[in-house]
1. For ALA77, indicate whether it is more than 16 Å from SER9 (Cα to Cα), touching a residue at least 40 places away in the same chain (Cβ under 8 Å), under 12 Å from the mean Cα position of the chain (by Cα) and assigned to a strand (DSSP E or B).
2. Please specify each residue of the range 2-29 satisfying the condition of being of a type in the set (A, V, I, L, M), outside any helix (DSSP H, G or I) and buried (at least 16 other Cβ atoms within 10 Å of the Cβ).
3. Which one is modelled with the lowest pLDDT among residues in the range 29-82 that are hydroxyl-bearing (Ser, Thr, Tyr) and closer than 19 Å to PRO5 by Cβ?
4. In the range 81-118, which residues are part of a strand (DSSP E or B), in contact with a Ser or Thr (Cβ under 7 Å, 6 or more places away or on another chain) and within 18 Å of PRO10 (Cα to Cα)?
5. Here are some residues: GLY14, GLY24. Which one is under 21 Å from CYS76 (Cβ atoms), without any contact (Cβ under 8 Å) to a residue 24 or more places away in the chain and of a type in the set (Gly, Ala, Ser)?
6. Looking at (1) among the acidic types (Asp, Glu); (2) crowded, with 16+ Cβ neighbours inside 10 Å; (3) farther than 20 Å from ILE11 by Cβ, find the lone condition where ASP128 falls short.
7. Does ALA104 meet the test of being more than 24 Å from ARG133 (Cβ to Cβ), of a type in the set (Gly, Ala, Ser), over 13 Å from the mean Cα position of the chain (by Cα) and at pLDDT 95 or above?
8. With the condition kept exactly as written, say whether any residue in the range 94-114 is over 30 Å from LEU127 (Cβ atoms) and of a type in the set (S, T, N, Q).
Amino acid sequence: MTLAPVTASPIDVGTLLAEVAGVGRGATVLFLGSVRRSDEDGPVRAIEYSSYEEMVGAELERILDEAARRWPGLGCAVQHRTGSVPLGEASIAVAAAAAHRGTAFEACRFVVDEAKRRLPVWKHEQLDDGTVRWREG
């Protein structure tokens, strides 16, 4: 992957999609995990993501290697934000491209699930009233 796996800048979806494009890959799936507010989460206005960046990058590479071995011919890229990510902006993006949609969907879900499970990333929620709280996951 030539794209930096960890960034403090907003995720550039076009660059992510270009990373996975290929003439034999007719199906592309894009997942964006964005900062949200809900009844469960409360009045979140932003999330401050912190990480051990070198370890995140290495672990993302391992996850992508596992996906490539599991689904030959797959093009897959992932990027995770660090720093303050405001409400509505993406904190993680995964693009997967394959010959067929089933493979692209499966691979994308695998990468998202493994990233959520394995990455050393911590979330510090910033609420509308100025309070902050650490969040699991």
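1. The answer is yes for ALA77.
2. LEU3, VAL6, ILE11, VAL29 - these are the residues of the range 2-29 that are of a type in the set (A, V, I, L, M), outside any helix (DSSP H, G or I) and buried (at least 16 other Cβ atoms within 10 Å of the Cβ).
3. TYR52
4. Matches in the range 81-118: ARG81, VAL85, ALA90, SER91, ALA95.
5. Answer to the check: GLY14.
6. Single failed check for ASP128: (2).
7. yes
8. There is at least one residue in the range 94-114 that is over 30 Å from LEU127 (Cβ atoms) and of a type in the set (S, T, N, Q).
The values are calculated or read from the model by the stated rules, or taken from the named source; none is laboratory data. Please read these numbers as outputs of a predicted model, since none were measured by experiment. Note: ideal-geometry Cβ built from the backbone for every residue, glycine included; neighbour counts use all protein chains shown.
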